[in-house]
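The values are calculated or read from the model by the stated rules, or taken from the named source; none is laboratory data. All values derive from a computational prediction rather than experimental measurement. In this analysis, Cβ positions are derived from the backbone assuming ideal geometry, glycine residues included, and neighbour counts consider all displayed protein chains.
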Amino acid sequence: MRILMVSEDVPYAAMGGLAKHALNLARAFVRAGHVVDFLGGTQHAIEVAGDEGEFGGHFIGALSGHLAGWKERRLGFYIPYKRSWLARRFARIIAKHAQGYDVVHYHGHVPNLARYLPSTINFIQTRHDQGSDCLQHTRFRNGAVCTSTDPQDCAGCIANQPNTFQRTISAIAVRRYRREVSESFLSHQTVFVSDLLRRNFCRSMGERAWGTVIHNFIDPDILEQAASQPLRLTDAAPVEVIVVGKIYPPKGIGQLVELFFQRQIPGLRLLVVGDGPDLAGLQLQFTSPGVRFLGWRDPLETQRLTAGADAVVVPSVLEEAFGSTTLEGLLLGKPTFALARGGTPELACYAAYPGQLRLYDELPELVDDLIRFTPHTSASQLDGTGSAALAVQRLLPIYRRQPATST
């Protein structure tokens, strides 16, 4: 097949999970004998992504408009036309480049764009976050998971104390956006990376056959290299626990670091891998024998550190759509401690042995159990489980379906 992958998150020098997912999938389809090109953003040349930007096809930098500021934060309300404008823009660009491809597969943050595409384009989108009904894409507000479905409540995420006018305009924007996303899902095929995302969309828009669930995946080549070359620091503690992620409140890393710092258990150390707005402050306050900050590391080094650790912690307090760090820990055979939120419980199907994925309601409970943890040796699970190759097998029948028609 001739496939056009699409994502405005590509390219950047340090790409997030969504961009890596799309590029990994592109490489997997190329390895399976298909022709793949990639339609990305105009923000950089593909060369800024280094080796991660190489996928075996032609890169087209054409998506634009997604970085424009509309001053919503300053105004204190969501602008009703903003997301429709961007969806139309992306749809025009995609339609211009879609000719000659059997399927167009979108990974991005404009889920309503399919509403503006002709039904003749075999367009599929994968939903990676909660942006199908949440304009902040996270379903996280005031330090806690947001479960409200009332569009007027959304005003509280764009203004600290929204007035009646701001609540009304924001509600109009949210209703319009959700309606367009629903029409997109009904007119073209949709894949969710976890059943959590499907369920949460149904919570807002009603129970319908909105799409198919196909779990996210890892890059097997990097994982195999990491498993064969585990990295343990020269001054490693007897028990090393690793946490990887963006260092900002929804990921819960700050709370985890503070709990570790308070405990100061001899022989137990937390390794923090990642960057983010809270890193500098946490380093200044909590660097200690029990907590070490390693900053951002490239994917291979990060997974080698994971392979060399005794346990993995995933302290996300938001609802993770699909925690790639959790999946990597499980496939590397590591005991993995996580909060029982979001799509994380779904990952239990990847556990190599009973009790490998340990789920908790709250972080203090998780840390209390972790400090009593006794390391043990366990084999990694590198048999293709959770790989992009398996995702290719599941996606091909979807690619070959006729485009859906609106109902």
Note: among Cys154, Cys134, just one is at pLDDT 95 or above, touching a Leu at 6+ places or on another chain (Cβ under 7 Å) and buried (at least 17 other Cβ atoms within 10 Å of the Cβ), namely Cys154
Within segment 220-242, the residues that are touching a Ser or Thr at 6+ places or on another chain (Cβ under 8 Å) and either among the polar types (S, T, N, Q) or not in a helix (DSSP H, G or I) (or both) are Ile242
The one condition Gly254 fails out of (1) under 23 Å from Met15 (Cβ atoms); (2) surrounded by fewer than 24 Cβ atoms within 10 Å (Cβ to Cβ) is (1)
The lone condition Pro162 fails out of (1) buried (at least 20 other Cβ atoms within 10 Å of the Cβ); (2) in a helix (DSSP H, G or I) is (2)
Within segment 224-263, the residues that are within 30 Å of His105 (Cα to Cα) and either of a type in the set (Gly, Ala, Ser) or not assigned by TED's automatic domain parsing to the domain that holds Ser288 (or both) are Ala226, Gly245
Of (1) at pLDDT below 95; (2) crowded, with 23+ Cβ neighbours inside 10 Å, Gln225 satisfies every one except (2)
Picking from Ala114, Ala171, the residue that is touching a helix residue (DSSP H, G or I) at 6+ places or on another chain (Cβ under 6 Å) and either surrounded by fewer than 23 Cβ atoms within 10 Å (Cβ to Cβ) or part of a loop (DSSP other than H, G, I, E, B) (or both) would be Ala171
Residue pairs within 8 Å by beta carbon, gap of at least six or interchain, first lying in segment 1-22 and within 16 Å of Val48 (Cα to Cα) and in the same structural domain as Thr325 (by TED's automatic domain parsing), second hydrophobic (A, V, I, L, M, F, W, C) and part of a loop (DSSP other than H, G, I, E, B), listed first then second, are none
Phe90 passes all but one of the listed conditions (1) more than 23 Å from the chain's Cα centre (by Cα); (2) surrounded by 14 or more Cβ atoms within 10 Å (Cβ to Cβ); the exception is number (1)
Of the candidates Leu318, Leu347, the one satisfying the condition of being in contact with a Pro (Cβ under 7 Å, 6 or more places away or on another chain) and over 12 Å from Val243 (Cα atoms) is Leu318
The one condition Gly245 fails out of (1) farther than 30 Å from Ala95 by Cα; (2) at pLDDT 95 or above is (2)
Pairs returned, first residue in segment 158-176 that is closer than 12 Å to Glu72 by Cβ, second residue that is among the β-branched types (Val, Ile, Thr) and not in a helix (DSSP H, G or I), beta-carbon separation under 8 angstrom, 6 or more apart or interchain, are Gln166/Ile158; Ile169/Ile79; Ser170/Ile158; Ala173/Ile79
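Listed here are the residues, each with its yes/no results for (1) in contact with a strand residue (DSSP E or B) (Cβ under 6 Å, 6 or more places away or on another chain); (2) more than 21 Å from His376 (Cβ to Cβ).
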site	(1), (2)
Glu258	no, yes
Pro266	no, no
Leu279	no, yes
Val291	yes, yes
Ala311	yes, no
Leu318	yes, yes
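Residues checked against (1) hydrophobic (A, V, I, L, M, F, W, C); (2) in a helix (DSSP H, G or I); (3) under 19 Å from Arg394 (Cβ atoms):
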residue	(1), (2), (3)
Asp9	no, no, no
Tyr12	no, no, no
Met15	yes, no, no
His21	no, yes, yes
Leu25	yes, yes, yes
Ala28	yes, yes, yes
Asp37	no, no, no
His44	no, no, no
Pairing a residue in segment 370-385 that is under 17 Å from His215 (Cβ atoms) with any residue that is aromatic (Phe, Trp, Tyr) and surrounded by 10 or more Cβ atoms within 10 Å (Cβ to Cβ), where Cβ atoms lie under 7 Å and the two sit 6 or more apart in sequence or on different chains, gives Thr385/Tyr350
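If only one of Tyr101, Tyr106 is crowded, with 19+ Cβ neighbours inside 10 Å and closer than 24 Å to Gly386 by Cβ, which one is it?
The match here is Tyr106.
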